[in-house]
1. Could you give the length gained by full extension between residue 99 and residue 59, i.e. 0.36 nm per residue of separation minus their alpha carbon distance, to one decimal place?
2. Charges only on Cβ, +1 for Lys and Arg, -1 for Asp and Glu: so what's the dipole of region 57-128 about the Cα centre, in debye to the nearest 20?
3. Order 3-9, 29-35, 59-65 from most to least packed using the mean count of other Cβ atoms within 10 Å.
4. For region 8-13, in order, what is each residue's ³J(HN,Hα) by Karplus, 6.51 cos²θ - 1.76 cosθ + 1.60 with θ = phi - 60°, in whole Hz (x at glycine and Pro)?
5. Rounded to whole Hz and in sequence order, give me ³J(HN,Hα) for region 64-73 from the Karplus expression 6.51 cos²θ - 1.76 cosθ + 1.60, θ = phi - 60°, writing x for Gly and Pro.
6. By average Cβ neighbour count within 10 Å, what is the ranking of 81-87, 113-119 from highest down?
7. Counting only residues 5 or more places away or on other chains, whose amide H sits under 5 Å from the amide H of residue 119 once H atoms are built in the peptide plane?
8. I want to check the label-to-label distance for residue 77 and residue 119. Put each point 7 Å from Cα in the C-beta direction and report it in nm to one decimal.
Amino acid sequence: MSYPQPLTPEEKLADAKKLLSLPRIVVICGSTRFMTEMNEAELRETKDGKIVVKPGCDMKSPHELWSDPVEAEALKVRLDDLHRAKIRLADEVLVVGDYIGDSTRAEIAYARSLSKPVRFTHPEVDPDA
């Protein structure tokens, strides 16, 4: 006699999303130099009926919250962890911009390691294409 395997956390999350009738969740990734393009992508994805999450801080723009270099580095680590959590939550990833830096490349690899579909506004920058 075989017993059913317990659900993984990912399966539990997927089941919960279905039970709640949640629309697809898309996370926007990319360099924050493309914040204007990210906002446009957010608008279009929202219009298409998706829940959108994206970077909430543009640390390339001056702000008192990251004016101290030591605090800024610690904040960057926390924001990177937060963005990986957004990727885990999402059903798909949309990479915005025509440039892929190290952080975005790592986010793409992380999403793909979780079998998340990854789309690009500029498919030619896909590191696995």
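Rule-based calculations on the coordinates, nothing more; no lab input. None of the values given here were measured: they were computed from a predicted structure. Heads up, the Cβs are rebuilt from the backbone with ideal geometry, glycines too, and the neighbour counts pull from every protein chain shown.
1. On the way: separation 40, 0.36 × 40 = 14.40 nm, distance 1.72 nm.
Extra length from residue 99 to residue 59 when fully extended: 12.7 nm.
2. On the way: 10 positive and 15 negative charges, 63 e Å.
Roughly 300 debye, rounded to the nearest 20.
3. Working: 3-9: 7.4, 29-35: 21.7, 59-65: 10.3.
Sorting 3-9, 29-35, 59-65 by mean packing, highest first, produces 29-35, 59-65, 3-9.
4. Running phi through 6.51 cos²θ - 1.76 cosθ + 1.60 with θ = phi - 60° gives 6, x, 5, 5, 4, 5 Hz.
5. 4, 5, 10, 6, 7, x, 5, 5, 4, 5
6. Working: 81-87: 15.9, 113-119: 12.7.
Most protected by this proxy first, the peptides run 81-87, 113-119.
7. Under 5 Å from the amide H of residue 119: 93, 94, 95.
8. Those two pseudo-labels are separated by 3.5 nm.
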